[in-house]
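Below is one structure, written out as structure tokens; the observations come after it.
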Amino acid sequence: MIIVLKPDHQEEDLHRIIRRLEDLGLRTHISKGEQRTIVGAIGDERLLREVPLESLPGVESVLPILKPYKLVSREFKPENTVIQVDGREIGGNQLQVIAGPCAVESREVLEEIAEELVPLGVNFLRGGAFKPRTSPYAFQGWGEKALKYLAGVRERTGMLVVTELMDPRDTVLVCKYADVVQIGTRNMQNFRLLTEVGNIDKPVILKRGMSATIKEFLMSAEYILAQGNEKVILCERGIRTFETETRNTLDISAVPLLKDLTHLPVIVDPSHAVGRADLVPAMGKAAVAAGADGLLVEVHVRPEEAMSDGPQSLRPRVFRQMLDDCRKIARAVGRDL
Ligand code: PEP
Ligand code: MN
């Protein structure tokens, strides 16, 4: 339910409404806009049937939230969610860039890559310690050893660590080292895992399932928020279509669409979207033009030697050029990068 307050309501009216809703066991969220204050109420709406909310002082109207997702919807919270991570903001005016190798391969290679990224102003270092591979015989990641290398780079450079969590049993371990936890495309509907990260106190990047609709994507985010973790960043990473020339098809329309439907930050991963390094810069630029709050890009000093996703990994020189171009586009759409 959304309770819209009258423009001239008293502070006491607002408190009375919140108390009433919370006494019924409903969760509330208050949005104070320039024109209107609204209260979002989540929970079993049957409880409200007998409560004449409309007649409470200060209430202008009471509207149901029609979408199946509630906490993530713009109706529930009209203002953008800005996520604070150790002094950096995701979802604010400044775009954030997350870059690094697909997988953490060795301490040396990770450090070499990070050394290229720091001068470019990249705040977030990505790298998989647990890799979801199609083949059980492919490199699966170095686990905790890789997490330690990532944390080592953070200590030296101040870059924040983004890494994937695949299994609820690894939550404590991954959270010990990660600043931002990534849930991969293959796990977007792993509801146990979503519930697990709903209970951690770290931002979560939720990647869109490769065959997930926007509604399914938002319902998965709802799982995380429903547990109490409101720090969710949505990531469009391409979806499966009939096209085989590219690894996936980047659904660029997902960016403005998600920004319309939800208050959560939206970032784009152009690397997994196309699977080809030569196409990544154009897709990154398109994402910024479309209103993305950030980019997640695979970068490697020697893509030909990469243990996974080499063909889509950008060399630092190409990545720098892409960022320069993205910066101009960001400025043109009123953002900073
Ligand atoms: C990744 O970011 O390395 C990854 C495996 O991505 P996705 O889950 O989108 O395939
Ligand atoms: Mn990858």
Give segment 245-272 a look and list any residue that's within 16 Å of ligand 2 (Cβ to nearest atom) and assigned to a helix (DSSP H, G or I), or say none.
P270, S271, H272
Out of (1) within 21 Å of V297 (Cβ to Cβ); (2) within 20 Å of the chain's Cα centre (by Cα), the odd one out for Q189 is which?
(1)
Looking at (1) of a type in the set (A, V, I, L, M, F, W, C); (2) in a helix (DSSP H, G or I); (3) touching a strand residue (DSSP E or B) at 6+ places or on another chain (Cβ under 9 Å), can you tell me which one L279 breaks?
(3)
Residues of segment 113-125 being part of a helix (DSSP H, G or I) and either under 21 Å from the mean Cα position of the chain (by Cα) or closer than 20 Å to Y177 by Cα (or both), in sequence order, are I113, A114, E115, L117, V118
Output for Cβ contacts, cut-off 9 Å, separation at least six or different chains, first residue free of Cβ contacts under 8 Å to residues at least 40 places away in the same chain in segment 125-144, second away from ligand 1 (no atom under 12 Å from the Cβ) and assigned to a strand (DSSP E or B), reads L125/L160; L125/V161; G127/V161
In the list G291, G275, which residue meets the criterion of being open to solvent by 10 Å² or more (accessible area, probe 1.4 Å), within 15 Å of ligand 2 (Cβ to nearest atom) and more than 17 Å from E164 (Cβ to Cβ)?
G275
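On the basis of being in the same structural domain as L234 (by TED's automatic domain parsing), on the phi < 0 side of the Ramachandran plot and either touching a Ser or Thr at 6+ places or on another chain (Cβ under 8 Å) or hydrophobic (A, V, I, L, M, F, W, C) (or both), does L337 make the cut?
Working: in the same structural domain as L234 (by TED's automatic domain parsing): no; on the phi < 0 side of the Ramachandran plot: yes; either touching a Ser or Thr at 6+ places or on another chain (Cβ under 8 Å) or hydrophobic (A, V, I, L, M, F, W, C) (or both): yes.
For L337, the condition - in the same structural domain as L234 (by TED's automatic domain parsing), on the phi < 0 side of the Ramachandran plot and either touching a Ser or Thr at 6+ places or on another chain (Cβ under 8 Å) or hydrophobic (A, V, I, L, M, F, W, C) (or both) - is not met.
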Evaluation of E116 against (1) crowded, with 22+ Cβ neighbours inside 10 Å; (2) closer than 22 Å to K285 by Cα; (3) touching a residue at least 60 places away in the same chain (Cβ under 8 Å) (one fails), failing number
(1)
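Grab the strands (runs of 3 or more DSSP E) fully contained in segment 12-100, keeping just those with 3 or more residues being over 30 Å from V297 (Cα atoms).
27-32, 37-42, 59-63
If the requirement is being more than 16 Å from V180 (Cβ to Cβ) and buried (at least 24 other Cβ atoms within 10 Å of the Cβ), which of these qualifies: A138, A103, A129?
Working: A138 fails: buried (at least 24 other Cβ atoms within 10 Å of the Cβ); A129 fails: more than 16 Å from V180 (Cβ to Cβ).
Result of the check over A138, A103, A129: A103.
The values are calculated or read from the model by the stated rules, or taken from the named source; none is laboratory data. Keep in mind the model is a prediction, meaning the values are calculated, not measured. Methodologically, a virtual Cβ is constructed for each residue, glycine included, from the backbone with ideal geometry; neighbour enumeration extends over all protein chains shown. Accessible surface is based on the protein model in full, side chains and every heavy atom, while ligands, DNA and RNA are left aside. Shrake-Rupley method; radii C 1.70, N 1.55, O 1.52, S 1.80 Å.
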